[in-house]
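Read the figures in this text as sums done on the coordinates, not as results from a lab. Only a predicted model underlies this, so the values are computations on that prediction, with no experimental measurement involved. All Cβ positions, even for glycine, are placed from backbone atoms using ideal geometry, and neighbour counts span all protein chains on display.
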Amino acid sequence: MAGPDPELRLAVQFACTAVNLPGRAQIRRWVAAALEHAAEITVRIVDAAEAQSLNRDYRDKGYVPNVLSFEYGELPVNPSGARVLGGDVVICAPVVEREAREQGKPLQHHYAHMTVHGVLHLQGYDHVEPADAAIMEAREAAILKRFRIPNPYFS
């Protein structure tokens with residue numbers, strides 16, 4: 001039997017002019033579904049210039065990414081006495097829109113995938129090594145299935 005859902009403090013920021021963005025409530029559902037621990041998370045949807053700047057400044061990469069995760073480790077004890085994971089997930093709207101179009105998938109499905117992907121990174125999942133990628137991809141697919149979203153790796 002599963003325990004209660006982990007506590008979530010979520011801020012959602014829309015820092016771009018893109019249309020057809022997911023709503024705050026939907027983003028909350030995606031984040032909550034991917035959480036394994038109590039967390040304080042900010043999800044920020046940005047334009048290409050901000051995503052590229054963050055990728056350059058924090059990862060020394062020159063390209064515009066679809067999603068970035070910044071994990072801050074455990075934050076001080078919250079009022080309930082539990083330590084919580086802190087982090088930011090930054091999603092680049094123009095890249096997500098382009099990828100959804102190129103992959104022939106609904107835009108909201110791709111936003112869900114990028115949100116879940118970013119939250120899993122905050123919790124230590126990675127895809128650098130093939131074995132780790134298989135674990136992360138399976139976890140993503142299982143979470144997305146709850147929303148009736150097909151496995152993004154077999155579309």
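So the label point goes 7 Å from the Cα of ALA49 along Cα→C-beta, right? Which residues of the range 12-41 then have their backbone N under 15 Å from it? Under cut-off, by backbone N: 15-18. Answer rounded, prolate or oblate for the range 13-81, using the Cα gyration tensor with square roots of eigenvalues a ≥ b ≥ c: rounded when a/c is under 1.5, else prolate when a/b is larger than b/c, else oblate. Oblate, since a/c reaches 1.5 and b/c is not below a/b. Which shape class applies to the chain: rounded if a/c is under 1.5, otherwise prolate when a/b exceeds b/c and oblate if not, where a ≥ b ≥ c are the square roots of the Cα gyration tensor eigenvalues? In terms of gyration-tensor shape, rounded.
For a Förster distance of 30 Å, can you work out the FRET efficiency between the beta-carbons of ARG148 and LYS61, rounded to the nearest 0.05? Once the sixth-power term is evaluated, E becomes 0.35. Residues whose amide H lies under 5 Å from that of ALA39, counting only those 5 or more places away or on a different chain, are GLU7, LEU8, ARG9, LEU85; hydrogens are built 1.01 Å from N in the peptide plane.
Comparing ARG28, ARG59, ARG139 in a Gaussian network model of the chain where C-alpha atoms under 10 Å apart are linked, the largest mean-square fluctuation is found at ARG59.
Summing Lys and Arg as +1 and Asp and Glu as -1 over all other residues whose Cβ lies under 14 Å from the Cβ of ALA131 gives a net charge of -3. Here the 3J(HN,Hα) profile of the range 25-36, calculated from phi with Karplus coefficients 6.51, -1.76 and 1.60 at θ = phi - 60°, is 5, 5, 4, 4, 4, 5, 4, 4, 5, 8, 6, 10 Hz, Gly and Pro shown as x.
Charge dipole of the chain (Cα centre as origin; +1 on each Lys and Arg Cβ, -1 on each Asp and Glu Cβ, all else neutral): 580 debye, rounded to the nearest 20. Fully extending the segment from TYR72 to VAL128 would add 18.2 nm, taking 0.36 nm per residue of separation and subtracting the current Cα-Cα distance.
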